[in-house]
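Just so it is clear, none of the values below were taken in a lab; they were calculated from the coordinates. A quick note: this is a predicted structure, and the numbers were derived from the prediction, not measured. When we count neighbours, we look across all protein chains shown, and the Cβ atoms used for this are built from the backbone with ideal geometry, even at glycine.
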Amino acid sequence: MKTLTVSIVLPVYNEEKAIGKVIDDIHYALKQSHWDYEILVVDDHSSDASAEIARGKHARVIQRTFQGGSGASRRTGIQNAKGEIIVMLDADGSYEASDIPKMLEYFPEYDQVNGARTSEQGTFKILRAPTKWFIRQFACYLTKTNIPDLNTGLKAFKKDIMMKYLWVLPNGFSCVTTMTLAFLANDYAVKYVPTTYHKRIGKSKFHPVKDTLSYLNTIVRMTMYFKPLRVFMPLAGIIFLLGVIKAIESFIFTKSMQESDIIIFLVAIMLGALGLIADLIVTYHSRED
């Protein structure tokens, strides 16, 4: 099998308690394999010794001059990675580096390989588990794909493909969700492999309300970018059905259609038309690429 250069990208913000062990685990896992690799740490303007520890572990370190968020760090890592394949995992010790060589074996057949977590170990577990399930089911519907883990932080992908979609990556935690949806919505080959997930080392930076709303917004936004008919047509259909019900009610009680009935039908038609126009625009730009 051809050896491809791999970049292991670690977005870091105040992870001095875990970063050393994570890098050691990556070195141990990759040195046992045939892959040529680098470890690239993107420090998001940490106030602790994360960057110094990473350098001491022979990682290449890029220090951002201001804090931009997890997504901004990942974007910086993608742009500066030397590898043809980029592997990303969180620097908090929640993922096992030993899974990386297993994931790399699926290249070049697949374009993206994700670690599907077998358990939920994050904070606010009672809130996160049902909320993530609902959002994941919504994403499955919109992409017509079974997605075992929508926002996993352990993922490997071909750099040349991801470079085309850097413009859609947000700065926050929903960045990893965007990466997954960008590949799925554009019909790239995506693989999921089971992975063990551990309780993170250190304090979580997840904000339950803000980040959950961000995830939901990301799914709708990504679908609008790449598969707009999956949003517009169901909405148009639902509103049209409501218009039919309203019109029947009007005929029963007034023997004629009301202005409000016509308005509902017009809204449904306009939404359908907007969906078709958006789909034409997406198709046109896809052919240009």
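Inverting the pair-averaged 1/r between distinct Cα atoms of the stretch 229-288 gives 12.6 Å as its Kirkwood hydrodynamic radius. Pairs from the table (LYS102/LYS158; LYS21/LYS164; LYS132/LYS155; LYS191/LYS227; LYS164/LYS199; LYS155/LYS227) lying more than 27 angstrom apart at Cα are LYS21/LYS164; LYS164/LYS199. Summarised in one figure, the compactness ratio Rg/Rh of the stretch 1-121, Cα atoms and Kirkwood Rh, is 0.95.
The C-alpha atoms of the chain define a longest principal axis, and helix 125-143 lies at about 60 degrees to it.
With the charge dipole of the stretch 30-140 set up from +1 on Lys and Arg Cβ and -1 on Asp and Glu Cβ about the Cα centre, the Cα lying farthest toward the positive end among the listed residues GLY83, MET103, THR65 is that of THR65. Helix-only arithmetic for the chain: the sum of -39500 (n - 2.57) across DSSP H runs with n ≥ 4, divided by the residue total, places the mean residue ellipticity at 222 nm at -16500 deg cm²/dmol. Considering only GLU105, GLU259, GLU15, the mean-square fluctuation computed in a Gaussian network model of the chain, springs between alpha carbons under 10 angstrom, is largest for GLU259.
From the C-alpha coordinates alone, can you work out the Kirkwood hydrodynamic radius of the chain, in Å? Don't jump to the answer; show the numbers that get you there.
Working: mean 1/r = 0.0482 Å⁻¹.
This gives a value of 20.8 Å.
With both labels modelled 7 Å from their Cα along Cα-to-Cβ, the SER260 to ASN80 distance reads 5.9 nm.
Ordering ARG55, ARG136 from the fewest to the most neighbouring beta carbons within 10 Å gives ARG55, ARG136. Computed from label points 7 Å out along Cα-Cβ, the spacing between ARG55 and ASN217 is 3.6 nm. Measuring between their Cα centroids, the stretch 5-46 and the stretch 226-289 lie 49 Å from each other. Applying Stokes-Einstein at 4 °C and 1.567 mPa s to the Kirkwood radius of the stretch 49-90, computed over alpha-carbon pairs, gives a translational diffusion coefficient of 113 µm² s⁻¹. Comparing ALA116, ALA273, ALA59 in a Gaussian network model of the chain (Cα springs below 10 Å), the most mobile by mean-square fluctuation is ALA273.
The long axis of helix 208-226 is offset from the longest Cα principal axis of the chain by roughly 70 degrees. Taking the C-alpha atoms only, the angle from helix 259-288 to the longest principal axis of the chain is near 40 degrees.
Between ILE238 and ASP187, what is the FRET efficiency for a Förster distance of 30 Å, r being their Cβ-Cβ separation, to the nearest 0.05?
Working: r = 27 Å, r/R0 = 0.89.
Efficiency, rounded to the nearest 0.05: 0.65.
Full extension from THR283 to TRP167: what is 0.36 nm times the residue separation minus their Cα-Cα distance, to one decimal in nm? Intermediate values should be presented prior to the final figure.
Details: separation 116, 0.36 × 116 = 41.76 nm, distance 1.77 nm.
The THR283-TRP167 span can extend by a further 40.0 nm.
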